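Shown next, in structure tokens, is the structure this report addresses.
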Amino acid sequence: MTTLFQQIANGIVLGAVIGLIALGYTMVYGIIQLINFAHGEVFMVGAYGGLATYTYILPEQFRDDWQIALPAVLVGGIVISVITAVIMERFAYRPLRGGPRLAPLITALGVSVALQEAVRLFYPGATATLAFPPLFVDGDLRIPVPGGGGDVVITWIKLLLVIVAVLLAVGLQMYVSRSRMGRAMRATAQDADTAKLMGVNPDRVIVLTFILGAALAGVGGVMYGAYQNTINIDMGFQNGIFAFTAAVLGGIGSLRGAVIGAFCIGLIKTLGGQYLPGGNQYDYVWIFVVLILVLVFRPEGLFGEPEKVRA
Amino acid sequence: MRNQLVKSAAIVAGALLLAACGTNKTETEGGGGGAAACDTSKGTLVVGVVAPLSGALSALGLGIENSASLAVDQANEACKVKGYKLALQAEDDQANPQVGAQAATKLSSDANVVGVIGTLNSSVAQNVQPVLADKDIVQISPANTNPTLTKGEKFLDAPERQFDTYFRVCATDDVQGPFAAKYLVEKAGKKKVAIITDGKTYGDGLAAEFKKQLETLGGTVVAQEKVGEKDTDFSGVIAKVTPSAPEVVYYGGEYPAAGPLSKQMKDAGLNIPVFGGDGIFDAKFIELGGKEGDLATSVGAPTETLDSAKAFIDAYAKKGYSEEYSAYGAFSYDATNALIGALATTLGDSGTWGEDQRMKLLENVGKYSAAGATGDVAFDEYGDSTNKLLTVYQVTGGKWDPAETGTFEK
Amino acid sequence: MSRVTSWMRPVHALAFRVVGAVLVLIGTLMAWATFVYNNGAYPAKATLQYFDAPFALNSFRLHLAILGIAALAVALAPVPGRNRILRGLGWGVIAIAAVHMAFMTYEGGGLGAIAGGTAFGSWSTLVGGILIVLAAHGGGLEGPVHLPTKMPFYVAWLVLLVSFAGLLMLVSRTLTAGGQGGVANPYSGPLFLSFVGYAGGLLAALHGAGLLPWISRLSEGHRAFSIVVLLGCALALPFTDAGTEYWMTVAANIGVYAATAIGLNVVVGLTGLLDLGYVAFLGIGAFVAANLSGAAAARFDIELPFIVAALIAAVVAGIFGAIVGSPTLRVRGDYLAIVTLAFGEIFVRSAQNDIGGLTNGSNAIPGLPPISLFGKGFNESITIGGAKLPSGVLYYFLIVLLVAVVMAVFANLKNSRIGRAWVAIREDEDVARAMGIRTGQAKILAFMVGATLAGLAGAVFAHKLSTVSYESFKFLESVTLLAAVILGGMASIPGAVLGASLLFVLPEKLREFSEYRLLMFGLALVLIMRFRPQGLVPDKHRRAELVGEDPEGKPLDESDVGQAHLPDVGPTTGPTTREAT
């Protein structure tokens, strides 16, 4: 029984990270119908940015003091990932806007490869896995499970991650639904031309979308590194695909859907790895199967509206 | 307007010319003829290295490359091979069998290659061996530990030499695994073990040997799982293993996965030691999450304790390489010296290298015997090293500390 | 011949031309580097220390001399298309000089490495080249030169024979330029690049003289002959300088990827289905062949003759192609890309975990026996009529044959009914369906054909590499193949081959930069999509998806809407539809 609950807890933690990335995917796709392949790399860059902040900028005496180290590293990670996303948008995607759909997709692939390699080449030691500081109190929360088999163990950093993710998601939802800029974003997502007629500047809205998505991904990257204690350059690609699956599962364009989809994906991975044949080696495969099934049979996902997918 | 452009371009060009004159460099040390008195009239011979120079295992691979380079430099200074200069050509195999095979193909197509030092990973070696053997190129590995590479699938009852060109200077897993099991049961007193491997030749092979001996000594394997070599999130497999209440986790694989595994086990409440093989024996293991009390076995005696190794350690430090010589540096140094020594014997005082010399070189490598940084270096009829020393290390105070050195006798 | 406005007085242009050419020639005779580098003296006796008489010009200085003499000759003689020729020559000179100057500066640690004493050769050539280009532009670039194509067929055949033989030599020289990169050869990178500059300059000059378009038109007029000669040239490559084992291996690898890229072209180029998991079919073919080859780690204990194994591999891959194709019927565009990506990842993960014991997981399947025909292993060296060919040459011949077959299949399909159906689906699927095309069947067929071709290539690949590992079939390889197709030009056969060649030859030659290979590759993708999305050798008929132009190259205009403009690419594509949606 404990194993079941433990795996559920693990799934929720993973879902929180995936959700932070998925929100970025879903927002960008909602506004400019682009699958930003490079978004996973933005997540990765955020983690490395945070590590760089910790290693090179944060003075030695504060390193063990998580009240200072954690916010500093988070800010560092967010700054780097936002800068990356803005540059990406400005130089790679904006010139191709309004053109045929194949070009930005391939460009996104190119940006993704280039980003991975740039980090690998220019960040010292990045060809191997790098250690990431824990950044929070040690220790864990133990929930005893009736029926024997031990406690469910959740480290504090994982709990923090889930809380932060949920808070950010809720905050984003409130921003998009209540604020003026949020309204502009929703308008552009619905009908870009009419929004333009109404006085919305599409460039600014799009840049803001990228910034918000990147900030969330940056937070995700730093916290992922913190609870895994290692980061490597491959972490963006895999988690990016999971995040995209989550966004699609929840309904692309829907923020709520992205988060719920993400938790579903996290649970599928951990529970599938535990109980389905093939064990934890095939846990990834189940996620891809879900992706294919969703795209083929219900492309609008759980919360999206059925729309004609443009070719 | 265009004329102005031309004129200004001419002025800029002129200014650059003047500036260039100003930065005239004083002559640096001239050309390739650095080694003073050696006769290198016959050309350059190449010692190849195939190891992971980039990627997760680069700490080990670069240690191998640097040590080989040290040996080559020393040989050049001592004019060991008469008439030739030796050069090192290191090819990156990225711990990937395919890339390794391509690197081997590249080296084997060069007639000036006399031999290859490598590989690190047993799975890569399986793909490199046939390529090099095809061309009769000597291969000496400083780090492959899987016994099937020299003795074949049935290495225990019916050993059969696989490739006449393949040698190694380190001990093999058919002694490393049982050595670990013996230490665990007899010295550490633990009997319930969960085995996790990464599915590769090395990890699976080592774990299988460990398991056999463990069960002979009365221990039990309470769980056995596999992870991917590039995995970083082990919460799933840890949750699977925890219910069987193991006392130790034996990990067959390398440190990029073992380090995080150890830490995540502790975080998940499974605070038991991780015991691994030479693949996890590196400072990076501790950096990536290895905790106090984790154990590892490695081949050879601890480098720092051997007198023969002192010269190597000093020379390595003097060269100022940016990486440590790590677990296999001394072995790589010995392997390279074996190759160079055999080459010197083959060519004698006035021999000329040609592809026809390769068979002779093979014979001489087989007969090579000398003292090296890891002890006495010699090869048996299978190409295995006659040096079967092993050491158990334990993480104490944030570093690997040797706990016991010995050999495994059946 | 119309003249673009010239902004230099004729006498100035003449002066620039002549002075430029003379400066280039002076530069070839002077020294280039001021001291001997740590890695050895700079090649072609370009170093001050080695400047002793008598000296002969070789390597890049010879190339520069050739370009310089040609420039001088053309500068003084009134040749049609003169300024275009000069422009090509000038840029060639600049390229060579720039490459060497950059490299020497980098190696020498400062500009002082190339300026001092009498070592002004590099500057002289650079300035000379710039002057020539300025003269060419200043004199006014003429319109394209048209040479007559009406001639008796044997004359045309002779011309084609000579030009393709020249092409063969060019390819052979390009491949071997700089020598094999390695420890014993530290200058191979810049030597190779400078040769590319030289070849580029010569080709640009020939193009300016109108020769290249002329040859191209001739070859189109005598298609069958051209194809036979080209095939003969490809088969003759091992007899040239590039006939070393090393190059046979590289050429063989290029051939396999080119064949796969052509297969991908069927799916992406012809039918417009973006497949991001395509390399999985190559992998399936390779693993099937590996398991049937009798290797020690193979799942099955049988050893089938290669032809049989290859056919089985192709069929199995084709079946998987149909399987992957079927769910994609309901999915389009971006989502299709993601579904194919998911399939590709499932393949990689399953292969990594040694599914069914078929792939041996992380340990790969080593020791595949080489293909052998009539007892002769393909990795051995053979002797034809006294000429000893390098080992691996039989693989090379086999792969040339494979590529030829794949090309033939592609060309035939493209011009057939199903090919036109595919193109129709690419242009607008709904309209195609309305016209009565069975789009579902056609799409599955496209996947099947593409997968079968890839499976066939995979079987050859497995034996050539003698090791099959799941690592060769990861997502990055799919992206590389896609990039090869796009870089070369979608739906264009020579484009796919060119793309594959570039992506696999360049890393071999530029070993010094191998670290940066993937980075360059990613940036190249971005830049291509930005500036030349139709690729290097674009298919004439293939425009609408990427560039809003008609086959003649004129941009589609909104005012064209409604006009029955051109037969095969109507005005329903391009920016106009975008606004209307």
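The values are calculated or read from the model by the stated rules, or taken from the named source; none is laboratory data. Keep in mind that what you see is a predicted model, and the values were worked out from it rather than measured. Cβ: placed from backbone, ideal geometry, glycine included. Neighbour counts: every protein chain shown. Side chains are part of the model used for accessible areas, which takes the heavy atoms of the whole protein and leaves out ligands, DNA and RNA. Shrake-Rupley method; radii C 1.70, N 1.55, O 1.52, S 1.80 Å.
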*Could you tell me the distance between the Cα centroids of segment C:172-247 and segment B:323-357, to the nearest Å?*
40
*Cα centroid distance between segment A:145-203 and segment C:270-293, in Å?*
40
*Calculated P(r) tail over 45 Å for chain C, as whole % of Cα pairs*: 24
_Distance in nm between pseudo-label sites at B:Glu247 and C:Leu158 (7 Å out along the Cβ direction from Cα)_ = 9.3
*When you take every Cα atom in chain B, what is the radius of gyration, and what is Dmax, the widest Cα pair distance, in Å?*
24.6, 94
*Enter the buried accessible area of the C/B pair, total of both sides, probe 1.4 Å, in Å² rounded to the nearest 100.*
3300
*Averaged over C:524-533, how many beta carbons belonging to a partner chain fall within 10 Å of each residue's beta carbon?*
6
_So with the 1.4 Å probe, I'd like the accessible area per residue for segment B:259-410, rounded to whole Å²._
40
_Over 28 Å between alpha carbons, listed pairs B:Lys85/B:Lys135; B:Lys187/B:Lys367; B:Lys187/B:Lys263; B:Lys80/B:Lys310; B:Lys151/B:Lys211_ = B:Lys187/B:Lys367
*Find the eigenvalues of the gyration tensor of the Cα atoms of segment A:108-230, then list the square roots of 5 times those eigenvalues as equivalent ellipsoid semi-axes, largest first, in whole angstrom.*
37, 25, 11
*Are there GluC sites (Glu not before Pro) in segment B:134-199 that DSSP marks as loop and that have at most 10 other Cβ atoms within 10 Å, and which are they?*
none
*Have a look at segment C:244-504 and give its Rg and Dmax from the Cα atoms, expressed in angstrom.*
18.2, 63
*Would you please report the Å³ per residue occupied by the convex hull of the alpha carbon atoms in segment A:2-297?*
143
*Packing-based ranking, highest mean first, of B:398-408, B:43-53 given that Cβ atoms within 10 Å are counted*: B:43-53, B:398-408
*asked:* Kirkwood Rh over alpha-carbon pairs of segment B:190-327, then Stokes-Einstein at 20 °C and 1.002 mPa s: what D in µm² s⁻¹, rounded to an integer?
replied: 135
*Considering only C:Leu445, C:Ala199, C:Asn265, whose Cα is most displaced toward the positive end of the charge dipole of chain C, charges sitting on Cβ of Lys, Arg (+1) and Asp, Glu (-1)?*
C:Ala199
*Convex hull (Cα only) mean projected area of segment C:10-223, reported in nm² to one decimal*: 13.3
*How large is the helix-only mean residue ellipticity at 222 nm for chain A, computed as the sum of -39500 (n - 2.57) over DSSP H runs with n ≥ 4, divided by its residue count, in deg cm²/dmol to the nearest 500?*
-23000 deg cm²/dmol
*Please get the size of the charge dipole for the protein assembly as shown, origin at its Cα centre, with Cβ charges of +1 on Lys and Arg and -1 on Asp and Glu, quoted in debye to the nearest 20.*
4160
_How high is the relative contact order of chain C? Use alpha-carbon pairs under 8 Å, at least six apart in sequence, and give a whole percent._
15
*Averaged over B:122-131, number of beta-carbon atoms from partner chains that fall within 10 Å*: 5
*asked:* Give me the residues in segment B:49-81 whose solvent-accessible area, probe 1.4 Å, is reduced by at least 10 Å² once all protein chains are included instead of the chain isolated.
replied: B:Ser54, B:Gly55, B:Ala56, B:Ser58
_Let me spell out the model: positive unit charges on the Cβ of Lys and Arg, negative unit charges on the Cβ of Asp and Glu, origin at the Cα centre of segment C:244-504. What dipole size does that give, in debye rounded to 20?_
520
*the protein assembly as shown: antiparallel DSSP beta bridges as a percent of all, rounded to 5*: 50
*asked:* As a test of the definition: with a 1.4 Å probe, what buried accessible area, both sides summed, do you compute for C against A, in Å² to the nearest 100?
replied: 4200
_For q values of 0.13 Å⁻¹, compute log₁₀ I(q)/I(0) with the Debye formula on a Cα-only model of segment C:315-433, without solvent._
-0.89
*Take a quick pass over chain C and tell me how many lysine pairs come in under 21 angstrom between Cα atoms, counting only ones 8 or more apart or on separate chains.*
8
*For chain B, what relative contact order do you get, as a whole percent, if you take Cα pairs closer than 8 Å and at least 6 residues apart?*
17
*asked:* As a test of the definition: with a 1.4 Å probe, what buried accessible area, both sides summed, do you compute for A against B, in Å² to the nearest 100?
replied: 2100
*Accessible area per residue of segment A:2-297 at 1.4 Å probe, in Å²?*
36
*For segment C:213-320, what class follows from the C-alpha gyration tensor (a ≥ b ≥ c being the square roots of its eigenvalues): rounded when a/c is under 1.5, otherwise prolate if a/b is larger than b/c, else oblate?*
oblate
*Express the Stokes-Einstein translational diffusion coefficient of the protein assembly as shown in µm² s⁻¹, to the nearest whole number, given a Kirkwood radius over alpha-carbon pairs, 25 °C and a viscosity of 0.890 mPa s.*
73
*Determine the shielding of peptide B:264-273 by partner chains: average, over its residues, the number of Cβ atoms on other chains within 10 angstrom of each Cβ.*
4
*asked:* Order C:321-327, C:492-498, A:24-30 from most to least packed using the mean count of other Cβ atoms within 10 Å.
replied: A:24-30, C:492-498, C:321-327
_Rel. contact order, % - alpha carbon contacts under 8 angstrom, at least six apart, segment A:202-311_ = 24
*Run the dipole for chain B about the Cα centre, Lys and Arg Cβ at +1, Asp and Glu Cβ at -1, nothing else charged, and hand back the magnitude in debye, nearest 20.*
700
_Compactness relative to 2.2 N^0.38 Å, alpha carbon Rg of segment B:99-238_ = 1.22
*Accessible area in square angstrom per residue, chain C, 1.4 angstrom probe*: 41
*Extending each Cα 7 Å along its Cβ direction at A:Lys196 and B:Asp376, get the distance between those two points in nm, one decimal.*
8.5
_Pick from A:Pro202, A:Pro134, A:Pro95 the residue whose mean-square fluctuation is largest in a GNM of chain A, springs joining Cα atoms under 10 Å._
A:Pro95
*Could you please report the charge total around B:Thr40, scoring K, R as +1 and D, E as -1 over all other residues with beta-carbon less than 10 angstrom from its beta-carbon?*
+2
_Out of the total accessible area of segment A:2-297 (probe 1.4 Å, heavy atoms of protein only), what percent is carbon and sulfur?_
67
*How far is the Cα center of segment A:91-106 from the Cα center of segment C:341-412, in Å?*
37
*What nm distance separates the two modelled labels at C:Ala411 and A:Tyr123, each placed 7 Å from Cα along Cα→Cβ?*
5.0
